Amino acid sequence: MARYSKEERRKLLEEALSENPFFTDEELSERFKVSVSTIRLDRGELGIPELRERTRAVAQEAYSTLKTLDDQELIGELIELVIGERACSRLTIEESMVLTKARVARGHYLFAQANSLAIALVDAPMALTGSVELKFKRPVQLGEVVIAKGTVLKRKQNKYWVEISVSVGSEEVLRGDWILFAIEDFSGAREKEME
């Protein structure tokens, strides 16, 4: 990568962080071939907060748009949510989430993160999972950070087709296709079921 002037680098830094606010200073340092200290100085001059604050700001905005779930029902930290289009969440694998002997994440945590993200994408007061085709590609280790990205592929009436890709770094660890049903009035749905 070519050397940039300070002004060029700062402009590119702003652009990179506006596209992806989750770049770490270390990743940016490597990308621009400068020291981590230089990136921190650039961020300071541009008024760009550190990663933790950027993540918190983006998450607060995303949580304010949740419709189908309460924020405690979402597994992982919501990073982005555009209902009916796309969503993203992150989950750090902690000690309580791993199998004791194998030291890898229990599959139900990864499924729960992906499933709750798929449900969050539905534009209705409530959504139910109809079916899922899921493929685990590799085990996730203790301490790894898992990023789930969801996209609504199609919508027809109250039915949503959602694709979820879960990655650690640039490596995909799980992929799935969901079919979900939007429920506008749960009490009415229960009454029809009982008839």
State the percentage of accessible surface on the chain attributable to carbon and sulfur atoms; use a 1.4 Å probe and exclude ligands, DNA and RNA. 49 percent
Cα gyration tensor shape of the chain, rounded if a/c is under 1.5, else prolate or oblate by comparing a/b with b/c: prolate
The answer for the chain, accessible area per residue at 1.4 Å probe in Å², is 59 Å²
Under a plain spin-label model, where a point goes 7 Å from the Cα along Cα-to-Cβ, how far apart in nm are ALA112 and THR24? 2.6 nm
With all protein chains present and a 1.4 Å probe, how do PHE136, PHE111, PHE32 order by accessible area, largest first? PHE136, PHE111, PHE32
Added length on full extension, which subtracts the Cα-Cα distance from 0.36 nm per residue, GLU171 to GLU45: 42.0 nm
Please work out the FRET efficiency for the pair GLU184 and SER131, using the Cβ-Cβ distance as r and a Förster radius of 25 Å; give the result to the nearest 0.05. 0.75
Going from most exposed to least, what order do LEU78, LEU142, LEU51, LEU153 have by accessible area with a 1.4 Å probe? LEU153, LEU142, LEU51, LEU78
Calculated from DSSP H runs of 4 or more alone, at -39500 (n - 2.57) each and per residue, what is the 222 nm mean residue ellipticity of the chain, nearest 500? -11000 deg cm²/dmol
At what distance in nm do the modelled label points of GLN141 and GLU7 sit from each other, each positioned 7 Å from its Cα along Cα→Cβ? 4.5 nm
Placing each pseudo-label 7 Å from Cα in the direction of the beta carbon, LEU153 and ARG31 end up separated by a distance in nanometres of 2.9 nm
Just how large is the dipole of the chain about the Cα centre, in debye to the nearest 20, putting +1 at every Lys and Arg Cβ and -1 at every Asp and Glu Cβ? 620 debye
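The values are calculated or read from the model by the stated rules, or taken from the named source; none is laboratory data. Keep in mind it's a predicted model, so treat the numbers as computed, not measured. For neighbour counting, all protein chains shown are included, and Cβ atoms are generated from backbone atoms with ideal geometry for every residue, glycine included. The protein model used for the area step is the full one, side chains on, heavy atoms only, and it has no ligands, DNA or RNA in it. Shrake-Rupley method; radii C 1.70, N 1.55, O 1.52, S 1.80 Å.
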